[in-house]
1. So N207 clears everything in (1) touching a residue at least 24 places away in the same chain (Cβ under 8 Å); (2) in a helix (DSSP H, G or I); (3) open to solvent by 30 Å² or more (accessible area, probe 1.4 Å) except one condition, right? Which one?
2. Within region 119-138, does at least one residue satisfy the condition of being more than 29 Å from T166 (Cα to Cα), modelled with pLDDT of 95 or more and touching a helix residue (DSSP H, G or I) at 6+ places or on another chain (Cβ under 8 Å)?
3. In the list N277, N272, which residue meets the criterion of being under 20 Å from S122 (Cα atoms) and either open to solvent by 20 Å² or more (accessible area, probe 1.4 Å) or assigned to a loop (DSSP other than H, G, I, E, B) (or both)?
4. Take region 221-255 and flag every residue that is polar (S, T, N, Q) and assigned to a helix (DSSP H, G or I).
5. Select from region 337-348 the residues that are within 20 Å of the chain's Cα centre (by Cα) and surrounded by fewer than 18 Cβ atoms within 10 Å (Cβ to Cβ) and list them in ascending order.
6. Pull up region 379-412, narrow it to residues that are among the basic types (K, R) and modelled with pLDDT of 90 or more, then point me to the one that is farthest from the chain's Cα centre (by Cα).
7. Return the total of residues in region 93-117 being out of contact with any Asp or Glu (no Cβ under 7 Å at 6 or more places or on another chain) and either open to solvent by 60 Å² or more (accessible area, probe 1.4 Å) or of a type in the set (S, T, N, Q) (or both).
Amino acid sequence: MEKKSVSWFSIFAVPFVFLCSDCAGKVGAAISIAKRGAIASKQFARKTNSSRSEEKAAAYRGEKTSQHSSAENVVNNTEVQEKETSSSTIQYNTEARQAIVMDCDTGEVLFAKQQDEKCVPSSMTKLMTIYLLFEALVDGRIHLDDKLPVSEKAQRIGGSKSFFETKNSVSLEDIIRSIVVHSGNDGCIVFAEKLSGDEDAFAAEMNQKAQELGMKNTNFLNSTGLPNPDHCASVSDLALLTRRLIADFPQFYHYFSEKTFTYNSITQESRNTLLGNSLNVDGLKTGFTKDGGYGIAISAKKDGKRLIAIVNGCRSNKVRLREANRLLAMGFKEFITIKIADPAIASGKFAVSAGKRNNIDLFVKEPIVPSIPKRHRKSLIIELNVQEPIPAPITAGTKLGELTYKYHKFISKKYALFA
């Protein structure tokens with residue numbers, strides 16, 4: 001299987017360079033891309049305010065690297081791991097006991113500390129409660145204007161609450177705001193009993209959904225996050241849940257940016273005081289218990305890129321807000337998003353034998369737009385692994401090769417290339 005390697009600066013030209021359609025030949029392809037890459041890398045460098053001298057030096061270094069790429073200088077196909085390695089993360093200090101920063105678009109972990117450790121999620125548990133609520137809304141099992149009864153259990157529940165009373169039914173939209181803004185334990189109980197009959201049955205549904213989403217270190221025993229020694233989750237699982245919550249229900253995400261909610265003439269403010277700050281944080285959920293400490297899951301979008309930051313086990317509200325904000329800012333500052341491949345644009349042109357055409361374009365089926373540490377961008381290499389010449393006949397949609405990318409010590413998973 002032949003490998004074509006493309007150096008970092010070629011990528012900056014996407015779609016102009018790397019996804020060009022006239023790349024052919026083992027060495028010729030690399031040199032052709034490199035030459036075009038040198039031009040396009042300057043376009044990218046101007047966007048990042050690099051100097052002209054740096055642009056020229058980078059282009060020169062990149063062209064030399066591509067011209068000397070060979071099978072001996074790239075990672076063997078058998079060495080490429082099916083899962084991305086954790087070396088894409090960067091070293092950073094945080095006071096939080098557990099923390100994670102995730103690229104919401106790709107699911108890449110940009111920073112992690114004890115990310116798979118089972119911890120007390122406290123009220124961040126409610127992210128799953130609200131996920132099941134939104135899912136039921138989309139499925140048509142409930143509606144925003146539905147009126148839900150308030151049980152004695154819901155009215156008596158302790159902790160943060162919206163002060164729902166058994167004498168009044170509550171609209172589902174008020175339940176949403178109760179959970180998201182007030183962190184209302186009573187709102188959680190009202191919805192859990194509406195959907196599943198009782199909270200124990202609802203907790204079973206929470207765990208079933210957690211398994212479906214791939215949450216491996218989570219065990220929910222209630223809808224609220226109130227203390228229970230066997231109730232746990234990891235920040236990695238919470239980040240996965242947050243990512244799916246944002247991606248699966250964008251039409252409801254606006255609730256997380258609301259700063260106050262008034263019910264029965266009582267106005268309460270969101271405990272997420274980072275909302276609307278200089279990073280434009282627009283969600284999501286705080287949490288606190290004595291055993292779990294202070295935690296928070298937040299998200300923000302900047303220049304088209306959305307990141308998620310979660311911290312837990314902090315010693316105070318002030319610390320959790322500071323650490324979450326610092327980690328989110330670090331993610332935007334230290335990482336750069338690079339478009340490696342697009343399903344609408346050919347990733348390369350490859351030789352065909354015994355066919356009516358001499359070559360064929362190959363495509364990926366999903367956008368490949370990773371975030372990588374800025375300091376490693378010049379070491380970025382893309383490998384197209386295709387056995388050439390490809391024998392005819394060729395059916396559209398046939399997998400004919402693989403694409404991987406690497407930088408520093410990081411190697412991506414394999415992305416299939418299709419005719």
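1. (1)
2. Taking region 119-138 first, the residues more than 29 Å from T166 (Cα to Cα) are 119-120.
In the following step, the residues that additionally are modelled with pLDDT of 95 or more were identified as 119-120.
If we keep only those that are touching a helix residue (DSSP H, G or I) at 6+ places or on another chain (Cβ under 8 Å) as well, we get 119.
Taking every residue of region 119-138 in turn, at least one turns out to be more than 29 Å from T166 (Cα to Cα), modelled with pLDDT of 95 or more and touching a helix residue (DSSP H, G or I) at 6+ places or on another chain (Cβ under 8 Å).
3. On the way: N277 fails: under 20 Å from S122 (Cα atoms).
Of N277, N272, the one residue that is under 20 Å from S122 (Cα atoms) and either open to solvent by 20 Å² or more (accessible area, probe 1.4 Å) or assigned to a loop (DSSP other than H, G, I, E, B) (or both) is N272.
4. Of region 221-255, the ones polar (S, T, N, Q) are 222-224, 228, 234, 236, 242, 251.
Once the filter is applied, which keeps residues that are polar (S, T, N, Q) and assigned to a helix (DSSP H, G or I), region 221-255 yields S236, T242, Q251.
5. Quick first cut of region 337-348, residues within 20 Å of the chain's Cα centre (by Cα) only: 337-343.
Matches in region 337-348: T337, K339, P343.
6. The initial filter retains those residues of region 379-412 that are among the basic types (K, R), namely 399, 406, 409.
Among the residues that remain, those that are also modelled with pLDDT of 90 or more are: 399, 406.
Numbers: K399: 27, K406: 19 Å.
Looking at residues that are among the basic types (K, R) and modelled with pLDDT of 90 or more, I get K399.
7. So the count comes out to 9.
Yes/no per residue for (1) surrounded by fewer than 18 Cβ atoms within 10 Å (Cβ to Cβ); (2) without any contact (Cβ under 8 Å) to a residue 60 or more places away in the chain:
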| position | (1), (2) |
| --- | --- |
| A309 | no, no |
| N325 | no, yes |
| L328 | no, no |
| F350 | no, no |
| L384 | no, no |
| L403 | no, no |
| H408 | yes, no |
| L417 | no, no |
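The values are calculated or read from the model by the stated rules, or taken from the named source; none is laboratory data. Quantities reported herein were computed from a predicted structural model and do not represent experimental measurements. Ideal geometry is used to build each Cβ from the backbone, glycine not excepted, and the neighbour counts take in all protein chains shown. We work out accessible area using only protein heavy atoms, side chains counted, and drop any ligands, DNA or RNA first. Shrake-Rupley method; radii C 1.70, N 1.55, O 1.52, S 1.80 Å.
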